[in-house]
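**Q** Can you keep this structure in mind? I'll have questions shortly.
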Amino acid sequence: MPRKRSPARVLGTQLIDLGAAAPSVVSQRLLQMATAGATPSARDRREFTRMSSEKVSAAWESWGAMAGYAMRLNTAATQTALAFWMPWAFAAKPLPSAEDALISMATAGVQPYRRIAVANHRRLSKRAPRR
């Protein structure tokens, strides 16, 4: 059975992936903007539009993931508190430590940005450069 990775290790791995992919994507897009000049092609305009909409989409997805994690954590804490008075109704579940909870919430928030940056890095690296 595989060993479960710690929340800090998962967050660290995601941040390393994001830190490696983001500079490459930024440099490739800046080069595309510079070569497009004042009259970008349809391909360039699609990429520039995609660049903007991805950021908004990742922000919404990130907020949603963090809010969802906070609600699950709040529900578990409420059930744990209620199990004290009504043990027949709720099974007490162990809650994560405060540090693990914050790290897990940060992981949920970083994951959409990492996924999009890594996907863009792969996609833009395969693309033939314009001449």
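The values are calculated or read from the model by the stated rules, or taken from the named source; none is laboratory data. What you see is a predicted model; the values in this text were computed from it and never measured. FYI the Cβ positions are ideal-geometry reconstructions off the backbone, even for glycines, and counts take in every protein chain you see. The protein model used for the area step is the full one, side chains on, heavy atoms only, and it has no ligands, DNA or RNA in it. Shrake-Rupley method; radii C 1.70, N 1.55, O 1.52, S 1.80 Å.
**Q** Where in region 88-110 does the amide nitrogen come within less than 18 Å of the point 7 Å from the Cα of S62, taken along Cα to Cβ?
**A** Of the residues in region 88-110, 102-110 have backbone N under 18 Å from the label point off S62.
**Q** Roughly how tilted is helix 7-36, in degrees to the nearest 10 and between 0 and 90, from the longest Cα axis of the chain?
**A** 20
**Q** If packing is taken as the average number of other Cβ atoms within 10 Å across a peptide's residues, how do 101-111, 73-83, 12-22 rank, most packed first?
**A** Taking the mean over residues of other Cβ atoms within 10 Å, the ranking is 101-111, 12-22, 73-83.
**Q** Using a 1.4 angstrom probe on heavy atoms only, work out the carbon and sulfur share of the accessible area of the chain in %. Please report the intermediate quantities before stating the final value.
**A** Details: 6110 of 9210 Å².
Here it works out to 66 percent.
**Q** Just how far, in whole angstrom, is region 80-113 from region 49-68 if you go by their alpha carbon centroids?
**A** Computed from Cα coordinates, the inter-centre distance equals 24 Å.
**Q** Which of rounded, prolate or oblate describes region 1-55 when judged by the alpha-carbon gyration tensor and an a/c cut-off of 1.5?
**A** prolate
**Q** Size of the chain along its principal axes in angstrom, Cα-based, largest extent first?
**A** Extents along the principal axes: 71, 28, 23 Å.
**Q** Per residue, how large is the accessible surface of the chain? Use a 1.4 angstrom probe and give square angstrom.
**A** Dividing the accessible area of the chain by its residue count gives 70 Å².
**Q** Related question: Write out the chymotrypsin sites (Phe, Trp or Tyr not before Pro) in region 1-110 meeting two conditions: DSSP loop, and at most 12 other Cβ atoms within 10 Å of their Cβ.
**A** Those that pass, being in a loop and sparsely packed, are W88.
**Q** Grab the Cα-Cα distance for R123 and M33, subtract it from 0.36 nm times how many residues apart they are, and report the gain in nm with one decimal.
**A** Extra length from R123 to M33 when fully extended: 30.7 nm.
**Q** Under the rule of -39500 (n - 2.57) per DSSP H run of 4 or more residues, summed and divided by the residues of the chain, what mean residue ellipticity at 222 nm is obtained, to the nearest 500 deg cm²/dmol?
**A** Result for the chain, helices only: -28500 deg cm²/dmol.
**Q** What's the local net charge at P96, with K and R +1, D and E -1, over the other residues with C-beta under 13 Å away?
**A** For residues surrounding P96, the net value is +1.
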